[in-house]
Amino acid sequence: MKITFTGRQMSVRDSLKALAEKKLAKFDRFFRDDAEVTIKFGYVRNLERVEITIAADGTLYRCEEEASTYETALDGCVDAIERQIRKNKTRLERRLREGAFTAPAYETDAADGIEEEGDFSIRVKEFAIKPMTPEEAILQMNLIGHTFFVFRDADTENTCVVYKRKDGAYGMIIPA
């Protein structure tokens with residue numbers, strides 16, 4: 001796996017990098033060498049925050065944890081991602097064929113990701129939209145922990161949105 005470390009308003013210590021690499025080594029059995037891991041360290045409300053994103057075979061695994069120490073937050077993230085992998089492993093194997101999709105460039109922040117627009121602070125993210133079925137889009141949405149997901153429908157080539165409703169069901173927005 002290729003690991004990228006980012007420190008938000010800090011520099012990442014070598015001991016923290018070594019610990020993260022050691023903890024993430026257990027995921028080598030799940031992913032090939034082309035998997036990309038991004039680990040972001042930072043401070044939020046006097047807590048230390050770790051965010052891990054793994055992009056492998058067109059699928060994202062993501063977790064954010066805040067704790068009193070980076071080590072505790074890192075442990076929480078690794079455990080959460082392992083749960084995501086185990087929970088979705090059989091569904092992913094059934095749905096995705098080997099090499100069916102190339103890994104898109106997800107979550108590329110443009111100019112620190114924040115643009116000032118009047119009284120609003122807008123975070124901008126750019127990502128490649130790939131063709132998939134609505135079921136695959138729902139799976140991807142659940143893996144990254146969001147309430148909606150934009151995708152290109154593999155059958156109609158329309159750009160669509162799937163979202164999670166308050167009643168726990170899923171909805172889909174299709175352009176007219």
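Rule-based calculations on the coordinates, nothing more; no lab input. Please read these numbers as outputs of a predicted model, since none were measured by experiment. Methodologically, a virtual Cβ is constructed for each residue, glycine included, from the backbone with ideal geometry; neighbour enumeration extends over all protein chains shown.
Listing for the model above:
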read-out: Filter on LYS89/LYS130; LYS23/LYS87; LYS22/LYS166 - keep pairs with C-alpha separation over 29 Å; value: LYS22/LYS166
read-out: Label-to-label distance, nm, for residues given as ARG123 and ILE144 (7 Å Cα→Cβ offset); value: 1.2 nm
read-out: Label-point separation, GLU82 to ARG165 (7 Å along Cα→Cβ), nm; value: 3.7 nm
read-out: Sites LYS26 and SER68, calculated FRET efficiency, Cβ-Cβ separation with R0 22 Å, nearest 0.05; value: 0.40
read-out: Exposure proxy ranking, count of Cβ atoms within 10 Å, fewest first, for VAL12, VAL50, VAL162; value: VAL12, VAL162, VAL50
read-out: Interchain or long-range residues, amide H under 5 Å from THR133's placed H; value: ALA154
